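Heads up, the thing below is written out as structure tokens.
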Amino acid sequence: QVQLVESGGGLVQAGGSLRLSCAASGSIFNINAMGWYRQAPGKQRELVAIIASGGTTVYADSVKGRFTISRDNAKNTVYLQMNSLKPEDTAVYYCKYSARSLEVWGQGTLVTVSS
């Protein structure tokens, strides 16, 4: 079993910054991928960024240059630094852990960007 605990969401003005954290606990495989997805009201959940245990990253085009994903393997924690936030970044952000055939989602944290 793997559990994910997210933190760091909140309300911020456009142009501001937030940092999300997601800590994984339980039976963690050394080789895994962790990432962030988001779901805005009335829209499908979409990829924001993912990072593999070896450090390879993938970003959605809409966040490239503004968001940075990183991880601390010793703490089994992934971070999402979000800068230059826009109102269209408003969504519930979900952390996801993937390893072998296992996928685990966090409970989600709300990010609201006001104009």
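Against the conditions (1) of a type in the set (G, A, S); (2) modelled with pLDDT of 95 or more; (3) surrounded by fewer than 14 Cβ atoms within 10 Å (Cβ to Cβ), A60 satisfies every one except (3). So in the range 79-107, with the set limited to residues that are in contact with a Ser or Thr (Cβ under 7 Å, 6 or more places away or on another chain), in a strand (DSSP E or B) and open to solvent by less than 30 Å² (accessible area, probe 1.4 Å), which one is farthest from S25 (Cα to Cα)? In this case the residue turns out to be M82. Remark: pairs (first residue in the range 81-100, without any contact (Cβ under 8 Å) to a residue 12 or more places away in the chain and polar (S, T, N, Q); second residue surrounded by fewer than 19 Cβ atoms within 10 Å (Cβ to Cβ) and not in a loop (DSSP other than H, G, I, E, B); Cβ separation under 8 Å; 6+ apart in sequence or on different chains) are absent. Among the criteria (1) open to solvent by less than 50 Å² (accessible area, probe 1.4 Å); (2) modelled with pLDDT under 95; (3) closer than 18 Å to Q3 by Cβ, the one N73 does not fulfil is (1). Just one of (1) modelled with pLDDT of 95 or more; (2) part of a loop (DSSP other than H, G, I, E, B); (3) under 23 Å from E103 (Cα atoms) fails for R38. It is (2). If you go through the range 15-49 and keep only what is touching a Ser or Thr at 6+ places or on another chain (Cβ under 9 Å) and either open to solvent by 50 Å² or more (accessible area, probe 1.4 Å) or without any contact (Cβ under 8 Å) to a residue 40 or more places away in the chain (or both), you end up with G15, S17, F29, N30, I31, P41, E46, A49. All conditions in (1) at pLDDT below 95; (2) within 17 Å of V12 (Cα to Cα) hold for R66, with the sole exception of (1). In the set (1) part of a strand (DSSP E or B); (2) open to solvent by 70 Å² or more (accessible area, probe 1.4 Å), the condition left unmet by G65 is number (1).
Across the range 1-14, which residue is least open to solvent (accessible area, probe 1.4 Å) among those that are assigned to a loop (DSSP other than H, G, I, E, B) and farther than 14 Å from S70 by Cβ?
Taking the candidates together, the pick is G9.
The values are calculated or read from the model by the stated rules, or taken from the named source; none is laboratory data. Keep in mind that this is a model prediction, so the values were computed, not measured. A quick note on method: Cβ atoms are made from the backbone with ideal geometry, for glycine too, and the neighbour counts reach across all protein chains shown. Ligands, DNA and RNA are stripped out before the accessible areas are found, and what is left, the full protein with its side chains, is counted by its heavy atoms. Shrake-Rupley method; radii C 1.70, N 1.55, O 1.52, S 1.80 Å.
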